[in-house]
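Below is one structure, written out as structure tokens, with a few remarks after it.
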Amino acid sequence: MGPGDTNIDCSCCTGSKLRRYLRSKVPCISWMKSYNLKCLQGDFIAGLTVGMMVIPQGLAYAHLAELPPNYGLYASFVGILVYIFTGTSKDITIGPTAIMSQIVAEVAKGNTKLALTCSLFAGCFQVLMGLFFLGFVVWVISTPILCGFTTAAALTIGFGQLPKLLGIKGVRRQFWQSLYDTFAKIKQTRWPDAVLGLVCLILLFALRYLQKWTEKKRNRYGTVQIAIFCFWKDDHANAMLI
């Protein structure tokens, strides 16, 4: 073996490690070669289905974060576009969530510049954690803490939407204050808002039951997924249900 052979072996090892590292961070390099029209058809249907859900969901999350509606749309599709190239899971949810919207609302308090700054720093931390393989940090957080946090967030968000469901105005944002103001102003309920909200809730639970029923009664056509659109807007009420 000559003196130059060691350098060649080292360069080959370094090149292979670099390629493996790039494939782990940009997985599309591996699967793009085998992508075909059948995959495109499935992705088109999946994208159309997710798009119908993401648009009203993004608007709702923007309202929950006390930001203009267009910021909810930005947050909905930008992350998905980036995940095309960096995604490693087909089952993960990308985009804003109710808990993140709640946190942004508490921190930014309607200030769009502050909300954008929070998003920038959060994205930078996530990129650094991905580059240095720090995903294991999540396992350090105990399950009781995660369950307590998500349960508290669900209760806060749920009761925070109760005044909007009943059409009550002038309710403070803090949990206990919101709960007190809602029951104190229960006589100010706007019945068109309340009726529309209850009908939407009943339809959602009915669709959930229908999904379970179709899974049990699955036939040769497979499970049928149903989407119902309901929109009504006037001086009293506005809602969208999917």
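The values are calculated or read from the model by the stated rules, or taken from the named source; none is laboratory data. All of these numbers come straight from a predicted model, not from anything done at the bench. Heads up: the accessible areas ignore ligands, DNA and RNA and are worked out on the full protein's heavy atoms, side chains in. Shrake-Rupley method; radii C 1.70, N 1.55, O 1.52, S 1.80 Å.
The portion of the accessible surface of segment 21-137 made up by carbon and sulfur, rounded to a whole percent, is 75 (1.4 Å probe; DNA, RNA and ligands excluded).
Full extension of the chain segment joining L207 with I103 gains 34.4 nm, where the gain is 0.36 nm per residue of separation less the Cα-Cα distance. Pairs of Lys residues in segment 74-213 are counted when their Cα atoms are under 29 angstrom apart and they lie 8 or more places apart or on different chains; the count is 11. Seen through its C-alpha gyration tensor, with square-root eigenvalues sorted a ≥ b ≥ c, segment 59-180 comes out prolate because a/c lies at 1.5 or above while a/b is bigger than b/c. In the context of the full set of protein chains, segment 127-177 has a per residue accessible area of 74 Å² (1.4 Å probe). Probe of 1.4 angstrom, ligands and nucleic acids ignored: what's the accessible area per residue over segment 21-64, in square angstrom? About 72 Å² of surface per residue is accessible.
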